[in-house]
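Have a look at this one before I ask anything.
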Amino acid sequence: MFKIVFSRVFILLFVFIIINNLYSAVQFQSPTDNPYTKICDGIATQEFSSTHKGIDIWNGLGWPIRAAENGKVIFVGTVSGYGCTVVLEHADGYFTRYAHLQADPDNKTMPLDAPVSGTAIIKGQIIGHQGNTGKVKGATGIHLHFEIRTGWEYGTAKDPRSFITKCLPNNGKSKKRGGPGGDQPDETYDFEDESFPDVSTENKTYMINNYIGVLNEGYSLSSSIMICSNWHAISLVEANNIVPLLLEDNCRILFIPTGGLYGLSDSLFFKSQLEEYVKSGGVIVCFAQQHGYDYKVLPKGEELGAFGWLEDMSCQNASVHIDVDSPIFAGQTRVEPNVNVDG
Ligand SMILES: [Zn+2]
């Protein structure tokens, strides 16, 4: 009898421990990602450091800010330096803080579309919008300052990078403090004498609604960083999800990164999606691929003749042959001159 009771208690305890662990494991998402569409919405413009207790993410004015995890609202209002701010409490003693939020035009001390303090929030729910309240560089300093904290009165800041593993490219501008996100809300740092890129608010708002799709194949991260560094919003798209990108989000440009077509050249589904995308008004910008035959998956690709970089001789010595005389070749003493040939 004792033995049976003991084992039941043991099993119950074991089940409780498993359920408790499942229930409490926090899994934060980037607060600028839309969980229902794409990944990689947002560029990290300033990383976590000893003097910067969060990560700065730039998308543009009014971009929806979403709860990084299920939780409860414990603060809504204005904090010195942080501006309009929302703080959520999560399982396992974690807290997230969302700062510089856009202010409610009717009550400048409250974030626009802010949730009510004390209410439960589900992951991905909109809790505010990207703005430039608090200590940022004026009208152009639009970004989200996002913190993950623990401890008494959420006094211990953690690096959000160690929780958010999905891509949040850093465009490298964070080293030169001054880009959007060049804030220091935890200190009394003054930005007034720093230079700042001249990107108008109107331009950014345009970019939100006109982001560039980047195929998430090949050197997609390098391509994303290149586009992001020109202050353009991007969204990584999967090879099996191109047409919805165009139709739902009206994305007009699709970048195919270097090597992005590798392994896709025989996919009729991928080809049909690209054709539908172009027929619907989309533009494809395709970078160099490994093989010439990779290009045939592009719309009208059968008519394209090209060498991939693996097939390209990349040689210089006697690399071309002059077949027909022309004034262009005046001064040439050889019929097979040395010319750099690439791609
Ligand atoms: Zn910040």
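Quick note: the coordinates plus some simple rules give every number you see, no bench work behind them. On a predicted model such as this, the values are computed, not experimentally measured, just so you know. Neighbour counts run over all protein chains shown; Cβ positions are idealised from the backbone, glycine included.
Given Leu247, Ile284, Gly259, which one lies farthest toward the positive end of the charge dipole of the stretch 210-303, if we put +1 on the Cβ of every Lys and Arg and -1 on the Cβ of every Asp and Glu?
Of the listed residues, the answer is Ile284.
Only Lys, Arg, Asp and Glu count, each charged at its Cβ (+1, +1, -1, -1), so figure out the dipole size of the stretch 43-175 about its Cα centre, rounded to 20 debye. Write down the numbers at each step before the final one.
Working: 14 positive and 11 negative charges, 76 e Å.
Computed charge dipole of the stretch 43-175: roughly 360 debye.
Using 0.36 nm per residue, how much length does the chain from Ser272 to Glu248 gain when fully extended, once their Cα-Cα distance is taken away? Show your work: numbers first, answer last.
Numbers: separation 24, 0.36 × 24 = 8.64 nm, distance 1.78 nm.
Contour length minus Cα-Cα distance gives 6.9 nm.
Based on Cβ point charges of +1 for Lys and Arg and -1 for Asp and Glu, what charge dipole magnitude is obtained for the stretch 210-303 about its Cα centre, in debye rounded to the nearest 20?
Numbers: 5 positive and 10 negative charges, 38 e Å.
Dipole magnitude for the stretch 210-303 comes out near 180 debye.
Among Leu112, Tyr98, Ile164, whose Cα lies farthest out toward the positive end of the dipole of the stretch 43-175, if unit charges sit on the beta carbon of Lys, Arg (+1) and Asp, Glu (-1)?
Ile164
Glu153 to Ile284: FRET efficiency via 1/(1 + (r/R0)^6), r the Cβ-Cβ distance, R0 45 Å, to the nearest 0.05?
Numbers: r = 52 Å, r/R0 = 1.15.
The formula returns an efficiency of 0.30 here.
Something else now. What FRET efficiency comes out for the pair Asn240/Asp92, r = Cβ-Cβ distance, R0 = 35 Å, nearest 0.05? Don't jump to the answer; show the numbers that get you there.
Details: r = 35 Å, r/R0 = 1.00.
Computed FRET efficiency for Asn240 and Asp92: 0.50.
Any idea which of Thr133, Ile43, Leu144 is furthest toward the positive side of the dipole for the stretch 43-175, if Lys and Arg beta-carbons carry +1 and Asp and Glu beta-carbons -1?
So the residue furthest toward the plus end is Ile43.
Pulled fully out, how much extra length does the chain show between Phe329 and Asn317, if you take 0.36 nm times their separation in residues and subtract their Cα-Cα distance? Before the final figure, lay out the partial values.
Values: separation 12, 0.36 × 12 = 4.32 nm, distance 1.73 nm.
Taking 0.36 nm per residue and subtracting the Cα distance, the gain is 2.6 nm.
Listed here are the pairs Lys72/Lys158; Lys72/Lys108; Lys72/Lys137; Lys137/Lys158; Lys53/Lys108; Lys108/Lys135; which of them are more than 21 Å apart at the Cα?
Values: Lys72/Lys158 19 Å; Lys72/Lys108 23 Å; Lys72/Lys137 31 Å; Lys137/Lys158 25 Å; Lys53/Lys108 25 Å; Lys108/Lys135 15 Å.
Distance filter (> 21 Å) returns Lys72/Lys108; Lys72/Lys137; Lys137/Lys158; Lys53/Lys108.
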